[in-house]
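See structure below.
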Amino acid sequence: MLDTNPNVQMLESNDSNTNLAINIQPIDYIIFLDSDDYWKEDLLQKCLQYSNHEIVWFDYKMFCDGVDMEEKVKKIQTWLQSYGFTKNQEISPLDWSRNASKANGFASVWNVFIDFSFLSRINLKFLDWVIYEDRLFGVLLFMQAKSIFVLYEKLHCYRIRPNSLAGYKQNYNKDDFSPYIHNIYEAFDEDGKTTKAYHALSSWILMGERLCKFLQDNEKDTDDNFKEILENIKKFILPEYCNGARGFSDFTKDPLNITNHLLLAMRYVPNYFNKYERIKITRPIFYRFIIKPYYAITMIERNLRKLIKGIGK
């Protein structure tokens, strides 16, 4: 593709500098591709047919490479399928946000062809040092668009390999992590499983904080459609970020000082956490040594009562 089309430029980046590609000028359109994946040969030509739209949203096909997950992969819906868009059509951000009720969250980076002038105008960048960055990037991208075209063709080939995020690997060592995570790995005494869990939950918290800030900054917008989009995001997508943050206070260490970010996010979504979860997050020592033992004793007492009641019968 690069050899036959001089107008196509490849910009390489890694996990820590993806924003470099966005900062390079001039670009007419931008599309991202993970090093594990590949495109169908006619992807760019087909996307260019609908380049009058700010976003061309195309479908993908997952395939396994070195992992035995074929049957599981067959049951996974793509984002287009889970949102109920199964034909070529123009949609609005409002249509997209309403259909979020059908799905479990949203993610989009590698499956979109983006008008670069639009991307520059909204000044959207990737959040550094997080995993699942396509979640936040995709939501903020679609929320701020004016026109989206659904290209219902599987043009992106998404590889699942043993070391990939979708590969569900169980054991991790230092070589499995990007260099920017090595300090977390060392803080948890080279426990790969705990490092992976901490990085995942801290990423949800940092992204949730950024999403909450965007919603809060725009809550006085007077456009009725955009107001409904904001409400739909709060109702259908934000809970995924809150659920992703649950369990963070179980960590005995916090090398990135993420707890402060979680406290800020909780101010915006206090109703997503019950009073015990709030105590667990805001007063972890009190919860660990007072509330948690109390619950344990209470459960033992309840089980004993049931046992005694059963014997009495």
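Yes or no, residue by residue, for (1) crowded, with 17+ Cβ neighbours inside 10 Å; (2) closer than 30 Å to Asp28 by Cα; (3) in the same structural domain as Leu43 (by the TED database):
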| site | (1), (2), (3) |
| --- | --- |
| Phe63 | no, no, yes |
| Glu70 | no, no, yes |
| Gln77 | no, no, yes |
| Gly84 | no, yes, yes |
| Glu90 | no, yes, yes |
| Ser97 | yes, yes, yes |
| Ser101 | no, no, yes |
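A quick yes/no check of all residues on (1) modelled with pLDDT of 95 or more; (2) touching a His at 6+ places or on another chain (Cβ under 8 Å):
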| residue | (1), (2) |
| --- | --- |
| Ile24 | no, no |
| Phe58 | yes, yes |
| Phe85 | yes, no |
| Leu94 | yes, no |
| Asn99 | yes, no |
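Filter segment 260-270 for residues that are touching a residue at least 24 places away in the same chain (Cβ under 8 Å) and surrounded by 15 or more Cβ atoms within 10 Å (Cβ to Cβ) and give the result.
His261, Leu262, Ala265, Tyr268, Val269
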Next on the checklist: Leu94 - would you say it is under 21 Å from Val139 (Cα atoms) and in contact (Cβ under 8 Å) with a residue 12 or more places away in the chain?
Outcome noted: yes
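Matching residues to (1) at pLDDT 95 or above; (2) crowded, with 18+ Cβ neighbours inside 10 Å:
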residue	(1), (2)
Lys154	yes, no
Asn173	no, no
Asp221	no, no
Ile258	no, yes
Next on the checklist: Just checking: which of the helices (runs of 4 or more DSSP H) contained wholly in segment 139-244 hold 3 or more residues that are under 30 Å from Glu71 (Cβ atoms)?
Outcome noted: 192-217
Checklist entry - Restricting segment 245-256 to residues that are part of a helix (DSSP H, G or I) and out of contact with any Asp or Glu (no Cβ under 9 Å at 6 or more places or on another chain), which is surrounded by the most Cβ atoms within 10 Å (Cβ to Cβ)? => result Ala245
Checklist entry - In segment 264-293, which residues are more than 18 Å from Glu240 (Cα to Cα) and basic (Lys, Arg)? => result Lys275, Lys280, Arg283, Arg288, Lys292
Checklist entry - Condition test on Lys40, is it in the same structural domain as Lys125 (by the TED database), charged (D, E, K, R) and loosely packed, with under 14 Cβ neighbours inside 10 Å? => result no
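The values are calculated or read from the model by the stated rules, or taken from the named source; none is laboratory data. Not measured: the values here are computed from a predicted model. Heads up, the Cβs are rebuilt from the backbone with ideal geometry, glycines too, and the neighbour counts pull from every protein chain shown.
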